[in-house]
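What follows is one structure encoded as structure tokens, with my remarks underneath.
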Amino acid sequence: MELRLLYGVAYGHPWFGRWGYKFGRGCYGINQPIYQKAIEAIQGIPLCLLNHYLSISNNDISVIFSRYQALSDHSMVTLGDLFHFMLELRSRLPKENSIDSCNPATVETNCRWSPKRVEAATRVIVEALKKAEFRWVSRQEVRDAARAYIGDTGLLDFVLKSLGNHIVGNYLVRRCLNPVTKVLEYCLEDISTVFPNSEALIINNSKAKPRCKITKVQLMKDIAYLYKHILKDQKPTLSTGVFSAIPMATRIILDTKFLVKEYTEELSMKGNSNCSNGKTFKLLCTVISRSDEIDEGLKKPLPPYECVCLKENATFDELKQEVEKNFREVYWRLRSFVVETIVNLSVKGLDLVMGSVEMGQKLVFIGSNEDQIGMDDGGGSVIVDCLCGAKEDDGERLISCDICEVWQHTRCVRIPNNEEIPHVFLCKQCEEKIVFLSSLP
């Protein structure tokens, strides 16, 4: 399972969003608004519609929906609600044991009616839902059917309000707002089909609360099943209407591979708050390559300042070594960086750092870097103009037209990734021009 997609649907951000990473740049012309709309499109799909269309050919999905609705203390309306609850439940489950989630076996009796009258009204409503043969019926239909036996409409309204997504006997009373008619509907489900394993459901006497147990293994199987059948391998039943957006939205989320995090000096200082081995003297340092002119280079965006920790008796030679080590580890393009001088600071290598500069001072180091890969964007020599809207190289596989030399994504020109790039390729525009010219007398 792709965590970018799973966490995007559940939380509205990628998995690395837990550490502050956000949308940076998408491939195939995807931008922030498109990415956000794709997430919202999948998150907002109503579970009742999914259940209605998928249960015809796949009853397992309906069973999974009901299983976690029974475990939840609140009504889950959308697909985003379901995945969010399942992932939150996963974080609370012990590694080897199961978790108990209780749903009241009867309606709350803290009201002006006696428990006996509330229980009687509950039985009448459940019987009315049984006659509906497990189909969704409106609140008004249930209420009208129950009024033949219970004349107190206030009592019926109270019980109907309290019954949503509660277990009564061997049945789960489900309640959901119809997204089309905007009418509240009820449905009855036999929980013996939801929890087929006798160890998964324990029902005590009628005065106790039924306890629904689920293991982490079962939970992960259910997440993988929903991921495969709803997000990954869509069936023909999900190719029309509101569900037609799922494949496109899924692709957009998975094509968002570049994430960024706001990196500040405070963050760098915080990350190095506990300097070890007696290194208590801190400086904020950044670097610039000698290949750029100094005057022009300092106007360009520099790498964020890194916090460098030194001993109090450290020399400038040791400072340079620490700077080289830090930036080589953080930046691949600076893996061969060698410090030469420090901007606006004239010192010797054996001079002590402490006393020459102040604690927390910002320093810019100039040096040489043998590996220049990635330091230059090509100076505009490569022209990217793809059908998807991309105007620059985003790291995906590209192919160049042999006439106009404009680059496009192989996927966008219908060349599968498992096929080799053809020796000769013409873009659509050049191909049309050739066909037009050949038709001239």
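The values are calculated or read from the model by the stated rules, or taken from the named source; none is laboratory data. These numbers were taken from a predicted model, which means no experiment stands behind them. Cβ atoms come from the backbone with ideal geometry, glycine included; neighbour counts cover every protein chain shown.
Looking only at the range 19-50, residues that are closer than 18 Å to Cys187 by Cβ and touching a Cys at 6+ places or on another chain (Cβ under 9 Å) come to 3 in all. The residues of the range 128-148 that are within 13 Å of Leu160 (Cα to Cα) and either outside any loop (DSSP other than H, G, I, E, B) or in contact with a Pro (Cβ under 9 Å, 6 or more places away or on another chain) (or both), listed by number, are Ala128, Leu129, Val137, Ser138, Arg139, Gln140, Glu141, Val142, Arg143, Asp144, Ala145, Ala146.
Exactly one residue out of Thr286, Thr315, Thr250 is buried (at least 16 other Cβ atoms within 10 Å of the Cβ), at pLDDT 80 or above and not assigned by TED's automatic domain parsing to the domain that holds Lys348, and it is Thr250.
For Val63, the test of being of a type in the set (A, V, I, L, M), in contact with a strand residue (DSSP E or B) (Cβ under 8 Å, 6 or more places away or on another chain) and either at pLDDT 85 or above or closer than 24 Å to Val183 by Cα (or both) is failed. When the residues of the range 358-376 are filtered to those that are surrounded by 12 or more Cβ atoms within 10 Å (Cβ to Cβ), under 38 Å from the mean Cα position of the chain (by Cα) and part of a loop (DSSP other than H, G, I, E, B), the one that is modelled with the highest pLDDT is Gly360. The residues of the range 56-97 that are assigned to a loop (DSSP other than H, G, I, E, B) and under 17 Å from Ala10 (Cα atoms), listed by number, are Ser72, His74, Ser75, Met76, Val77.
Given the criterion out of contact with any Leu (no Cβ under 8 Å at 6 or more places or on another chain) and buried (at least 17 other Cβ atoms within 10 Å of the Cβ), identify the matching residue among Ile56, Ile30. None of the other options fit; the residue is Ile30. Looking across the range 73-90 at every residue that is touching a strand residue (DSSP E or B) at 6+ places or on another chain (Cβ under 9 Å) and over 22 Å from Glu40 (Cβ atoms), the one that is modelled with the highest pLDDT is identified as Leu89.
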